[in-house]
Amino acid sequence: MEILFINNNGAGFADHIQIADGTTVEQLFRKRVNQGDPADYLIRVNRQPASSDQVLQPGDRVSFTPTKIEGAGRA
Amino acid sequence: MPSFDPVFWRAAGHLEQFLKTRAGDSHPVTLDRRSFQQLQVLTARLASVEQRDWQLSVQLVAQQLHAQLKTCECQITNALECLTPRNFSPAAPAAAEIYEELSALRDEFEVCEVNLREGTLSVVTESVVLEDIDLGSFRIILNWKAVPEPAGSAPYKVEAVTPCHPDGQSDITHPHVMRDRLCEGDATCTLQQALRAGRLTDFFQIINQVLHTYNSGSPYARLGEWDGSDCHACGASVSDDGSYCDFCQSQVCEDCSSFCSLCDTSACQSCLKSCRNCDSVICPECAEECGDCEGVFCSKCLNPNELCKDCDHADESEELESNTDSPPEESAPRVAVQSAGLGQIAVPT
């Protein structure tokens, strides 16, 4: 099935990706975010906070936003 | 299901036009030449300080170079991604989709406001606390009417709700915010993409996360410079939990505050007095003036007549002296008047 996946880590692009039926939020996270801890991310499914065991549905919009993003100042 | 909000719907229409305009105006591949020039400068500087074996400088320049490399890396990544076919003509989101974003935004932030007249969409963050320093809340304002300055930058600003500045730098309200502009750092590409795609919840949330993160390698001002307010008495920095004078309400540092020796009230050095007699520290309420010399004394050092010891003694001495100076009448020199013919007598002068 296809979902819209938005990874706000790095370049922050949105992609339509194929995932297996019955994939949970946590499984998608483990697959897509290398060495990341879910606690360090805001995870939203269809713009709503999601639990780790939520099973994704076709057409879902999933976004991972890190809670720590470094700004800058002087170069 | 939340009820329909006509203001949000109208804002969604404006934002749809705004995002379409931006998508058409901007070329997707943008590289800042100055960033790459700066990279060369820092590379040469690092080689120079390494050659001289200036260890502290090596560390500092390496940090700067690291930050600059990240900036350039971000630009290159963004440019590469922009060249993929799917991103050449990103479809601007429709008003209905933007409306959904606005509704979600209201769930994410306690304060989410639209001002149709000014053309702004704003949210207020929770209080930002970095390494125990409370910088207060920030209002993130996206303006769909204003022309962003500098050209090409994101059309938003970040205003401190209750500005808290580092010492002597009133244009800085956050380690990464100067003149209400956020230096996006690692978030640059993500923010551009989120805005371009009309993902407003992501856009505001990413800014919020940047505000809640401290990059010690590249701030406008280091957190150590936010020691709080200045001491009213000596001008030194005072942390927020510093003491306040109970009389003038000024915030003062530990060195400039003390307690009244009589009533234990805390006060600043300006308000506290010192007893002229016993030197004890006293607050304005416990301080009393001598009825004669008007000097400040503690209540213990004034007699029941509200006179200090010196004035009391002076009074006594004066009294004594005046008694000595004015002898009783019987001791006044007498001028003896004799009957004529009894001889002469000396007349005292």
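The values are calculated or read from the model by the stated rules, or taken from the named source; none is laboratory data. Quick caveat, the model's predicted, so the values are computed rather than measured. FYI the Cβ positions are ideal-geometry reconstructions off the backbone, even for glycines, and counts take in every protein chain you see. Each accessible area value is taken on the protein alone, full model and side chains, heavy atoms only, with ligands, DNA and RNA left out. Shrake-Rupley method; radii C 1.70, N 1.55, O 1.52, S 1.80 Å.
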Are there any pairs, at least 6 apart or on different chains, whose C-beta atoms fall under 6 Å, with the first in the stretch B:202-215 and facing another protein chain (nearest Cβ under 8 Å) and the second open to solvent by 20 Å² or more (accessible area, probe 1.4 Å) and among the hydroxyl-bearing types (Ser, Thr, Tyr), and if so, which? B:209/A:67
Looking for whichever is part of a helix (DSSP H, G or I) and either acidic (Asp, Glu) or surrounded by 20 or more Cβ atoms within 10 Å (Cβ to Cβ) (or both) here; the options are A:26, A:70. Which one fits? A:26
Kindly provide the set of residues from the stretch B:174-198 that are within 7 Å of chain A (Cβ to nearest Cβ) and either touching a Leu at 6+ places or on another chain (Cβ under 7 Å) or closer than 22 Å to residue B:144 by Cβ (or both), ordered by number. B:175, B:176, B:182, B:184, B:187, B:189, B:190, B:193, B:194, B:197
